[in-house]
Amino acid sequence: MSTDEPVESAPAAADARKPMEPGHFTITLDRIQDYEFRVRMDKEQFQELLMDEPPPLGKDKAPNASRFLAAAVGNCLSASLLFCARKSRVDIESVHTEVTVHYARNEQGRIRIGKIDVQVEPRFAESDPAKMQRCLEIFEDYCVVTQSVRKGIDISVLVKR
């Protein structure tokens, strides 16, 4: 979500599916077949997820990484608006969010996510219009995922042999 929620500490030798340290978490992915992967989250109460690539690479059995990124951005923005509204005591009856991903090719001709359009449609109960407007002006600042993607994320990759 968009707040700095505490993450419980775990001993260094603990199961890799448990949080390592405050401010960190680890997920695991294991190949099932072809481009289909099983994703295990860091908390036991979370269900495993499947990921796959569309044809011609995969069999399109599950969402691909681009779709999960779109869901993450949309969920984070929706939750951030709700968080801001609740802190301001503005009642939101419902939120509907639509995320559209636009692919583009980079200079080398490789496909990248070129743009993400997000349309958030909150349904406010009768509330103070000034409080609602203030939330609409600042809620994006609470969204960890969107702000991280916008600024770029430092990613280190290590291939173990």
Is it true that some residue in the range 135-158 is at positive phi and within 17 Å of the chain's Cα centre (by Cα)?
-> yes
Criterion violated by residue 58 - all others in (1) touching an Asp or Glu at 6+ places or on another chain (Cβ under 9 Å); (2) more than 22 Å from residue 40 (Cα to Cα) satisfied = (2)
Strands (runs of 3 or more DSSP E) enclosed by the range 44-161 - at least 1 residues per element that are modelled with pLDDT of 95 or more and exposed (fewer than 11 other Cβ atoms within 10 Å of the Cβ) = 92-105, 111-124
How do the pairs read when you match residues in the range 35-46 that are under 15 Å from residue 24 (Cα atoms) with residues anywhere that are of a type outside the set (S, T, N, Q) and part of a loop (DSSP other than H, G, I, E, B), using Cβ under 7 Å and keeping only pairs 6 or more apart or on different chains?
-> 41/27; 42/17; 42/18; 42/19; 42/25; 42/27
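Quick check on this structure: which one of 29, 69 is hydrophobic (A, V, I, L, M, F, W, C), within 22 Å of residue 148 (Cβ to Cβ) and in contact (Cβ under 8 Å) with a residue 24 or more places away in the chain?
Numbers: 29 fails: in contact (Cβ under 8 Å) with a residue 24 or more places away in the chain.
Testing whether each residue is hydrophobic (A, V, I, L, M, F, W, C), within 22 Å of residue 148 (Cβ to Cβ) and in contact (Cβ under 8 Å) with a residue 24 or more places away in the chain leaves just 69.
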Residue list for the range 26-41, restricted to those being closer than 26 Å to residue 118 by Cβ, more than 14 Å from the chain's Cα centre (by Cα) and in a loop (DSSP other than H, G, I, E, B) = none
Can you name the number of the only condition in (1) closer than 26 Å to residue 33 by Cβ; (2) of a type in the set (A, V, I, L, M, F, W, C); (3) outside the structural domain of residue 36 (by TED's automatic domain parsing); (4) in contact with a strand residue (DSSP E or B) (Cβ under 9 Å, 6 or more places away or on another chain) that residue 158 fails?
-> (4)
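Per-residue answers, yes or no, for (1) aromatic (Phe, Trp, Tyr); (2) touching a residue at least 12 places away in the same chain (Cβ under 8 Å); (3) within 16 Å of residue 68 (Cα to Cα):
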| position | (1), (2), (3) |
| --- | --- |
| 95 | no, yes, no |
| 109 | no, no, no |
| 114 | no, yes, yes |
| 137 | no, no, no |
| 140 | no, yes, no |
| 144 | no, yes, yes |
| 159 | no, no, no |
Would you tally the residues in the range 119-130 being touching a strand residue (DSSP E or B) at 6+ places or on another chain (Cβ under 7 Å) and either hydrophobic (A, V, I, L, M, F, W, C) or not assigned by TED's automatic domain parsing to the domain that holds residue 72 (or both)?
-> 3
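A quick yes/no check of all residues on (1) of a type in the set (Gly, Ala, Ser); (2) over 30 Å from residue 32 (Cα atoms); (3) in the same structural domain as residue 35 (by TED's automatic domain parsing):
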| residue | (1), (2), (3) |
| --- | --- |
| 51 | no, no, yes |
| 58 | yes, no, yes |
| 69 | no, no, no |
| 72 | yes, no, no |
| 79 | yes, yes, no |
| 83 | no, yes, no |
| 89 | no, yes, no |
| 117 | no, yes, no |
| 132 | no, yes, no |
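The values are calculated or read from the model by the stated rules, or taken from the named source; none is laboratory data. What you see is a predicted model, and the numbers here were worked out from it, not measured in a lab. A quick note on method: Cβ atoms are made from the backbone with ideal geometry, for glycine too, and the neighbour counts reach across all protein chains shown.
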